[in-house]
Amino acid sequence: MQLHAIETTFPLIKLPFDLIANILSFLIKHQDSKVHGSNLIFVNHLFAKAAIPYVWSHLYLKEPTQRSIFNILQTSPSELMFNYKTMVKSVTICPISISNMKSGGLLTTLELVHSVLPNITSLHIEDRLSFCHVCHVGKEATTEQVADLICKNDLDKLIIDSDHITFDDKLLEIITKNSHLKSLSINGSHFTDAGILDYVIPNLKNDLVEFSIGFGGINPVALTGKSVLAVLEHCPNIRQMSLEGVNLNDSDFAVEDLPSSQLEHLRLGKACHQNFTTKGLLSLLSICNKTLASLVLDLDHLSQTVLQDIVIPLFRRQNLQELHLVSESWAEWSAHYPRPRSEQEVKAKEAMWRWKLKAYWGLSADMISLVGKKISTLKVFSILGENHLKSFPRF
């Protein structure tokens, strides 16, 4: 007698509300000024109730058209199905101008954010302008005006990505004196090492937990390894650091007694200086090798000897659990023939992938296996997003 399993389906709506909300939170992503997964709010009322707080947690304001969203936020909650205003925790502003023109601009949006959303904890100013910031219709905003409006909100996190002259060391001075930021990310050529050394470190010394330079930004960076070393040395609570496009140099870390840091997560992208070699990288990593749990390195600026001679010996039997080897340019290659329509296109895509992998050290199966065996505490070793430890026995 054969027994046949009876297939049953469990209605998702019977799950506890908190569990449904938690599941949906992983499906809703805020990336590149877009919200992915927002269509979940149209499934049913239960999904809407669970998903809307995550959809509205971060607002993207591309001036001036998207500023109309404040019409909803200023509406009495009694007239709405949800109290959207209380859900907003983070705001990204993409200004059409850095001016105080009557029709709008960054100052107008910052005023609205403060008056309508006084409880936000994160602010991101993303300046993608490639034309005149004043647009010939308004007077240029001053650094003091922008800084004062930013300080009106009690922020935990601030991201500034702009090459406009308004965003400079003076802005850092005003903001850091009047806030207790835990996370700071800056991109732009008008920020200098002096701004970090003279204002950021003295004013946020015990507050700063996360510090980023250039990562994810589109504007040039003028900061050097001096700022990086100073933050690691003088900010005892720093736990995360992301560096992209920083002018690193071996000489920045050539000091007799390197400081120790409690850094747990480090992302090192492309370095702008050819004088940052494995020697400088070894010095940088030695500052935090006892506490570092996650390390992300850009393949475009590394050699195979970095993995063999630095990463494996330095972190053996230490706290490192994740090693990610990435490439900022890889996405451009994977975009070719996203859906091959013929056998020729399939072969063309495969050829490009093989060529690119060969360019990236020619990583062999033996080398990948060596990393997994030598770093006994490693749980994740990924190259370009693929976890190469998934086929290895757990340590």
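Quick one: in the range 32-55, of everything that is among the aromatic types (Phe, Trp, Tyr) and open to solvent by 40 Å² or more (accessible area, probe 1.4 Å), which residue is farthest from Pro118 (Cα to Cα)? Spell out how you get there, then give the answer.
Pass one, the range 32-55, residues among the aromatic types (Phe, Trp, Tyr): 42, 47, 54.
Next, only the ones that are open to solvent by 40 Å² or more (accessible area, probe 1.4 Å) stay: 42, 54.
Values: Phe42: 29, Tyr54: 19 Å.
Per the stated criteria, the residue is Phe42.
Across the range 161-185, which residue is least open to solvent (accessible area, probe 1.4 Å) among those that are among the hydrophobic types (A, V, I, L, M, F, W, C) and modelled with pLDDT under 95? By that ranking, first place goes to Phe167.
So how many residues does the range 63-88 have that are farther than 12 Å from Ile52 by Cα, open to solvent by 60 Å² or more (accessible area, probe 1.4 Å), touching a helix residue (DSSP H, G or I) at 6+ places or on another chain (Cβ under 7 Å) and in contact (Cβ under 8 Å) with a residue 24 or more places away in the chain? Explain how you work it out, then say what you get.
Going through the range 63-88, the residues farther than 12 Å from Ile52 by Cα turn out to be 63-80.
This time we only want the ones that are open to solvent by 60 Å² or more (accessible area, probe 1.4 Å), so: 64-66, 68, 71-72, 74, 77-79.
Restricting the remaining residues to those that are touching a helix residue (DSSP H, G or I) at 6+ places or on another chain (Cβ under 7 Å) gives 72, 74.
Narrowing the set further to residues that are in contact (Cβ under 8 Å) with a residue 24 or more places away in the chain leaves 74.
So the answer is 1.
Do the conditions hold for Met87, that is, is it of a type outside the set (Val, Ile, Thr) and at pLDDT below 85? Criteria not met by Met87. Taken together, Ile13, Ile98 contain a single residue that is open to solvent by less than 20 Å² (accessible area, probe 1.4 Å), modelled with pLDDT under 85 and hydrophobic (A, V, I, L, M, F, W, C), which is Ile98. Residue check: Lys157 meets all listed conditions (1) crowded, with 18+ Cβ neighbours inside 10 Å; (2) within 24 Å of Thr121 (Cα to Cα); (3) in contact with a Lys or Arg (Cβ under 7 Å, 6 or more places away or on another chain); (4) without any contact (Cβ under 8 Å) to a residue 60 or more places away in the chain but one, namely (4). Restricting the range 296-334 to residues that are open to solvent by less than 60 Å² (accessible area, probe 1.4 Å) and over 18 Å from Leu282 (Cα atoms), the residue that is modelled with the highest pLDDT is Val326.
At least 3 residues being of a type in the set (A, V, I, L, M) is the threshold, and among the strands (runs of 3 or more DSSP E) wholly inside the range 28-102 not one reaches it.
So, Ala293, is that one closer than 25 Å to Ile312 by Cβ and either open to solvent by less than 30 Å² (accessible area, probe 1.4 Å) or charged (D, E, K, R) (or both) or not? For Ala293, the condition - closer than 25 Å to Ile312 by Cβ and either open to solvent by less than 30 Å² (accessible area, probe 1.4 Å) or charged (D, E, K, R) (or both) - is met.
Taken over the range 220-243, the criterion of being within 22 Å of Asp127 (Cβ to Cβ) and either open to solvent by 30 Å² or more (accessible area, probe 1.4 Å) or part of a strand (DSSP E or B) (or both) is satisfied by Pro220, Val221, Ala222, Ser242, Leu243. Scanning the range 245-267 for residues that are open to solvent by 30 Å² or more (accessible area, probe 1.4 Å) and in a loop (DSSP other than H, G, I, E, B) turns up Asn249, Ala254, Val255, Glu256, Asp257, Leu258, Ser260, Gln262, Glu264. Just one of (1) open to solvent by 10 Å² or more (accessible area, probe 1.4 Å); (2) under 27 Å from Lys290 (Cβ atoms); (3) of a type outside the set (A, V, I, L, M); (4) modelled with pLDDT under 95 fails for Cys272. It is (2). Checking each residue in the range 29-55 for being of a type in the set (S, T, N, Q) and in contact with a helix residue (DSSP H, G or I) (Cβ under 8 Å, 6 or more places away or on another chain) picks out Ser38, Asn44. Residues in the range 105-127 that are in contact with a helix residue (DSSP H, G or I) (Cβ under 8 Å, 6 or more places away or on another chain) and outside any helix (DSSP H, G or I): Leu117, Asn119, Ile120, Leu123, Ile125. Of all residues in the range 187-211, those satisfying the criterion of being open to solvent by 10 Å² or more (accessible area, probe 1.4 Å) and more than 17 Å from Thr166 (Cβ to Cβ) are Asp193, Ala194, Leu197, Asp198, Ile201, Pro202, Asn203, Lys205, Asn206, Asp207, Val209, Glu210.
The values are calculated or read from the model by the stated rules, or taken from the named source; none is laboratory data. Quick caveat: nothing in here was measured; it's all calculated off a predicted structure. A quick note on method: Cβ atoms are made from the backbone with ideal geometry, for glycine too, and the neighbour counts reach across all protein chains shown. Note: accessible area is taken over every heavy atom of the protein model, side chains too, but ligands, DNA and RNA are not part of it. Shrake-Rupley method; radii C 1.70, N 1.55, O 1.52, S 1.80 Å.
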